[in-house]
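The structure appears below as structure tokens.
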Amino acid sequence: MEYIDEFRDKKLVLQIAESINSIVEDKLTFMEVCGGHTMAIYRFGLPSLLTNKIKLLSGPGCPVCVTGKGYIDKLIALSKLNNVIIATFGDLVRVPGSTTTLADKRSSNSDIRVVYSSLKALEIARSNPERKVIFAGIGFETTAPTSAATILEADAEGINNFYLLSSHKVMPPAMSAIIDDGVEINGYLCPGHVSAITGSRIYEPIVSKYKLGCVISGFEPLDMLQSIYMLIKQNKKNEPRVEIQYKRAVRPEGNLKAKQIINEVFEYRDDNWRGFGTLKLSGLTLRKKYKRFDAEKAFNIKVEKTVENPGCICGQILRGVKNPKDCRLFANICKPETPVGACMVSNEGACAAHYKYNLVNLTLKGSDIPAQGNALGQDARKI
Ligand code: SF4
């Protein structure tokens, strides 16, 4: 298959769903750890096509959601400094910190600019040599190469007013933490974009230590259903392994150039994840050679202890122990236009996906199959 429409072919989707439903015997739970997968699952109404023996659970796949509140508080503190410009991805602006958001700070005179890449942030630094530009670098192995390339470029050009506040994270420690925490799943739907960079071997320890299958999936309905089918087969044979369903983008060795750039610029450190606390060697910080670009070192900002909203269960949702509809704020106080937690801010957040496709958007568009199975419609009617 070559074109997106082919991966959304209704007939094929229904066929593979039927195959899944016919082979599954025991109840099985699979977790996706990619915000793109979370969106795809609800956008295409996949749960409604599957027998209720299959449960799909969202994990820590949304980069904005897993970024700890302490990081947001640090950005807010930095934004109050004189002569500083904060350059950030759009979603982060609306994520509540302990007391306020970057969006609020922006309307009270802090210079906070939304960018689509770290290279744009570097461009802002070039054009404002008298100002200090801090780029909010978040995301998994997918975005880390661009941040790393930007640091290399800044270094090569001798730019001395550009800084990175890194909250880049790597996925496997969180996948392990979920199992160590006692969440019972029967396999992981592994992230396609992350794996395009890392390759498939990063999941081998999950297979060997926890005897859990890991299938790297694409993002279209056929991709995801095929990946679920592969996980079911592995469970039936009791042969967990790493498999690549998303072969059109992922190779076992990954993107060697991107990995080399990450390794040149970053090293691992313990990092804080929303809902998980500190996970060992789960984050990326600048190596000594590039420390002069590190905003944490350059500005030595200290923030007060973070204050979580007691009503928000975002952390538990990210750990797979609750789902958005367990939250009493869901869809009443907390909505995309008035988000209480990060999981409702980001397009890739589980709460936003549930809200958008499970509750609000009852009518799927033409190619957004499969219409007759859209579970959201049913759930929304119950509500
Ligand atoms: S619905 Fe809102 S308040 Fe509830 S967990 Fe999700 S983001 Fe937090």
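Values in this text are rule-based calculations from the coordinates and carry no lab data. This one's a predicted model, so the numbers in the text were calculated from it and none came from an experiment. Virtual Cβ from ideal backbone geometry, glycine too; neighbours counted across all protein chains shown.
Assorted remarks:
- Considered as an equivalent ellipsoid built on the Cα gyration tensor, segment 271-354 has semi-axes of 31, 14, 13 Å, the largest given first.
- An oblate overall shape is assigned to segment 63-208, the ratio a/c of its alpha-carbon gyration tensor axes (a ≥ b ≥ c) being 1.5 or greater and a/b not exceeding b/c.
- DSSP beta bridges in the chain [antiparallel fraction, %, rounded to 5]: 25 percent
- For segment 52-60, the Karplus equation 6.51 cos²θ - 1.76 cosθ + 1.60, evaluated at θ = phi - 60°, returns couplings of 6, 6, 9, 10, 9, 10, 8, x, x Hz by residue, with Gly and Pro reported as x.
- Stokes-Einstein D (µm²/s) once Rh is taken as the Kirkwood radius of segment 242-289 over alpha-carbon pairs, at 25 °C in 0.890 mPa s: 190 µm²/s
- The label point for N160 and the one for F299, both projected 7 Å from the Cα toward the Cβ, are 2.0 nm apart.
- Count Lys and Arg as plus one, Asp and Glu as minus one, and take only other residues whose Cβ is under 12 Å from that of I317; the net charge is then +3.
- Stretch gain in nm, segment K55-D104, where the contour uses 0.36 nm per residue and the Cα spacing is subtracted: 13.8 nm
- Hull-based mean projected area of segment 129-172, where the convex hull spans the alpha carbons, in square nanometres: 3.1 nm²
- Shape of segment 165-216, Cα gyration tensor, a/c cut at 1.5: oblate
- Segment 133-280: C-alpha pair distances exceeding 20 Å, %: 54 percent
- When the alpha carbon gyration tensor of segment 212-274 is reduced to an equivalent ellipsoid, the three semi-axes, largest first, read 28, 16, 12 Å.
- DSSP bridge pairs, segment 60-184: antiparallel proportion in percent, nearest 5: 0 percent
- Net length available on complete extension from N347 to K237 is 36.0 nm, with 0.36 nm assigned per residue and the Cα-Cα distance removed.
- Semi-axes of the equivalent ellipsoid for segment 1-134, computed as √(5λ) from the eigenvalues of its C-alpha gyration tensor and ordered from largest down, come to 44, 18, 10 Å.
- Hydrodynamic radius (Kirkwood) for the chain, which is based on Cα pairs only, to one decimal in Å: 21.5 Å
- Segment 178-282: antiparallel DSSP beta bridges as a percent of all, rounded to 5: 30 percent
- Tail fraction, Cα-Cα pairs, segment 24-75, threshold 16 Å, whole percent: 52 percent
- Across K10/K237; K55/K280; K11/K322; K237/K259; K55/K209; K120/K247, pairs whose alpha-carbon gap is larger than 26 Å: K10/K237; K55/K280; K11/K322; K237/K259; K120/K247
- Efficiency of FRET between E153 and D270 - r from beta-carbon atoms, R0 41 angstrom, step 0.05: 0.90
- Cα-centre dipole for the chain with unit charges at Cβ (Lys and Arg positive, Asp and Glu negative), debye to 20: 500 debye
- Long-range HN-HN contacts of E141 with modeled amide H, under 5 Å: M171
- Shape of segment 213-325, Cα gyration tensor, a/c cut at 1.5: oblate
- Residue-by-residue Karplus 3J(HN,Hα) for segment 325-337, coefficients 6.51, -1.76, 1.60, Hz, glycine and proline x: 6, 6, 8, 6, 8, 4, 6, 10, 6, 9, 9, x, 7
- In this structure, the amide hydrogen of W273, modeled 1.01 Å from its nitrogen in the peptide plane, lies closer than 5 angstrom to those of T278, L279, counting only residues at least 5 positions away or on a different chain.
- Stretchable slack from N128 to K209, in nm (0.36 nm times residue separation minus alpha-carbon distance): 24.1 nm
- Contact order for the chain, expressed relative to its length and based on alpha carbon pairs under 8 Å spaced 6+ residues apart, stands at 24 percent.
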